[in-house]
Amino acid sequence: MLRGRLGLETARVAHADRHGVIWLDRGNLLVGDGCLRFVTAGGALEPGDYQIPHQTLSTILLGPGSTVSHDALRLLARHGTGLAVVGTDGVRCYTAPPLGPDRSDWARQQARLWSDEKQRLQVARQMYAWRLGEVLPHRSIEVLRGIEGGRMKESYRLTAQRFGVKWKGRRYDRQNPGAADPPNQAINHAATAVESAAAIAVACTSTLPQLGFIHEDSDQSFVLDIADLYRTSVALPVAFAAAKEMETNHGDTIDRIVRRRASRMFRKEKLIPKMIDRIKALFEKPVSP
């Protein structure tokens, strides 16, 4: 009676032969006539009823204003296609990691590098080199963190100056985040947005969020590592631009302003694909001693 239903009899396509991700928003993801369909009133796609080639995709990113049916989830699970529910342009990641590609080489290489103390330090040095624009000679993670911390203080000052925002220093009370001034609140919200984009990139590559090379304690340590690569180039400009806008825009909250600006920046910079490429660059080739 269910012969052919949901395409369960068709062969699955290996992830190596699939495309990457597709973005869908403001519509309904459902199954019709055994095919995955997306009916939208207009958003990332023009209004219409689209057939989604799920067997040739690794991950579907489902944005705001969308719903997904039970049959659609069953179809995606059957064919190993990941589904992540995200905020506008990836400024939030609301779901657990998708099923991931049918390969474990990046995760295994990550685990190998992480488990070797010397190799772990080399990866950390590579990430600092990307962030700071130079390869530092130091071979102590504590020294590298100290140097990075000092440079970040200067980055805060210079970015605030660039956007004409008064800056009194980085201050944040975890117990009372709303007590911070608008620039500090904006930095917190921008950091959250960039971390969400990094979580999507880590999920799409099936790497291990717990195994960070700079961050250590969080179960999202590697996500934080990737997010920090874009702290100066993305998070701070978004934050200080939002803080400046807040001076004259009293109708919106700082969180809403940051999200809008982060969304535009992510789209313009193609941030999530860049993060995915960075992860691949870390793990596709052996790290030199």
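The gain in end-to-end length when the R139 to Y172 segment is fully stretched comes to 8.9 nm, 0.36 nm per residue minus the alpha carbon separation.
For the chain, modelled as a GNM whose springs connect Cα atoms under 10 angstrom apart, the maximal fluctuation among S263, S218, S206 occurs at S218. The residue list C93, Q119, S58 was ranked by how far each Cα lies along the charge dipole of segment 32-146 toward its positive end, using unit charges on Cβ atoms, and Q119 comes out on top. Largest mean-square fluctuation among M275, M127, M152, in a Gaussian network model of the chain whose springs join Cα atoms under 10 Å apart, belongs to M152. A cut-off under 10 angstrom between Cβ atoms defines the neighbours of D228, and their net charge, with Lys, Arg +1 and Asp, Glu -1, is -1.
For the pair K118 and D255, the difference between a 0.36 nm per residue extended length and the Cα-Cα distance amounts to 45.3 nm.
Cβ crowding within 10 Å ranks E216, E195 as E216, E195, fewest other Cβ atoms first.
Straightening the chain between S104 and R162 buys 16.5 nm, computed as 0.36 nm per residue apart minus the Cα-Cα spacing. Which of G133, G164, G212 moves the most in a Gaussian network model of the chain with Cα springs under 10 Å? Among G133, G164, G212, the largest GNM mean-square fluctuation belongs to G133. Whole Å is fine, so just give me how far the alpha carbon centre of segment 212-236 lies from that of segment 122-139. So the separation of the two Cα centres works out to 14 Å.
Exposure proxy shown here: for M265, M246, the number of other Cβ atoms within 10 Å sets the order, fewest to most, as M246, M265.
Would you work out if segment 154-283 is rounded, prolate or oblate? Take a ≥ b ≥ c from the square roots of the eigenvalues of the alpha-carbon gyration tensor; rounded if a/c is under 1.5, else prolate when a/b is larger than b/c, oblate otherwise. Taking the square roots of the gyration eigenvalues as a ≥ b ≥ c, segment 154-283 is prolate. Averaging the sequence gap over all C-alpha pairs within less than 8 Å and six or more residues apart, then dividing by the number of residues, gives the chain a relative contact order of 16 percent.
If you add up the charges near F163, with Lys and Arg at +1 and Asp and Glu at -1, over every other residue whose beta carbon is less than 10 angstrom from its beta carbon, what do you get? Working shown, then result.
Working: positive: R162, K244; negative: E245.
The answer is +1.
The protection proxy used here, the mean number of other Cβ atoms lying within 10 Å of each residue, ranks peptides 35-45, 82-92 as follows, highest first: 82-92, 35-45. Here the chain is treated as a sphere whose radius is the Kirkwood value from Cα pairs; by Stokes-Einstein at 20 °C and 1.002 mPa s it diffuses with a coefficient of 104 µm²/s.
Which value in deg cm²/dmol, rounded to the nearest 500, describes the helix-derived mean residue ellipticity at 222 nm for the chain, given -39,500 (n - 2.57) per DSSP H run of n ≥ 4 and division by the residue count? Write down the numbers at each step before the final one.
Details: 9 runs with 131 residues, N = 289.
Helices in the chain give a 222 nm mean residue ellipticity of -14500 deg cm²/dmol.
Rule-based calculations on the coordinates, nothing more; no lab input. What you are looking at is a predicted structure, and each value in this text was computed from that prediction instead of being measured. Counting neighbours? That spans all protein chains shown, and the Cβs are built from the backbone with ideal geometry, glycine included.
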